[in-house]
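Colleague: This is the structure I have questions about; it appears just below.
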Amino acid sequence: MQAIFLLSFLFVSSNLQGSQCSICQMEVRETAKSSFESVRNNSPVRFCSFSCASRFHKKYPNAHLSAHDFEKPETKLDAESAFYLTKSKKLSSQLEFPMEPSVAAFNTKEAAEKKQRELKEGTVIKGFEALEKLHE
């Protein structure tokens, strides 16, 4: 009976905490504003940041990537269709994983530009591949 309780506790605890980044093994919470996701061999893979997602994308360029919306982290956006705010030092203080370069995904250009105006800095760009080129 104690073994069942312990296993149940561990399962619930691990689900509350999130999962690990498939590249750097850092913990990725379900509501992380800077996280990305994909699927590899029919299993979900998560990334804590743009840097880790980009490493994966370079190795598997045809894999579909999703970005978590900065304003609604529970919402996944197609990474290639999303708008990104980047090149902002102030943005990193608003991210759970402020790994450089700081990147936040938005559903619309207007939302990204609104955050850019609020921070008074940064660059807005559309698409994951364009974002990768900007940070080469």
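Rule-based calculations on the coordinates, nothing more; no lab input. Everything numeric in this text was worked out from a predicted model, so none of it was measured. FYI the Cβ positions are ideal-geometry reconstructions off the backbone, even for glycines, and counts take in every protein chain you see.
Colleague: Over the stretch 20-134, what is the mean sequence separation of C-alpha contacts under 8 Å (at least six apart), divided by residue count, expressed as relative contact order in percent?
Modeller: 24 percent
Colleague: Give the residue list of trypsin sites (Lys or Arg not before Pro) in the stretch 32-136 that are DSSP loop and have at most 15 other beta-carbon atoms within 10 angstrom.
Modeller: Lys89, Lys90, Lys120
Colleague: Okay, next question. Pop out the ³J(HN,Hα) list for the stretch 23-37 in order, Karplus 6.51 cos²θ - 1.76 cosθ + 1.60 with θ = phi - 60°, rounded to Hz; leave Gly and Pro as x.
Modeller: Per-residue couplings from phi come out as 9, 9, 6, 5, 5, 10, 6, 4, 9, 5, 6, 10, 8, 10, 9 Hz.
Colleague: What FRET efficiency comes out for Gln25 versus Glu71 if R0 is 25 angstrom and r is the Cβ-Cβ distance? Round to the nearest 0.05.
Modeller: E(calc), rounded to 0.05, equals 0.35.
Colleague: List the DSSP H helices in the chain whose Cα atoms stretch 18 Å or more along the helix axis and whose mean Kyte-Doolittle hydropathy is at least 0.5.
Modeller: Once both thresholds are applied, what remains is 2-17.
Colleague: Something else: Which far-off residues, 5 or more places away or on another chain, put their amide H under 5 Å from the one on Val103, with H placed in the peptide plane?
Modeller: Close amide H contacts, sequence-distant or interchain: Phe50.
Colleague: How much net charge surrounds His68 when only the other residues with a Cβ under 11 Å from the Cβ of His68 are counted, with Lys and Arg +1 and Asp and Glu -1?
Modeller: -1
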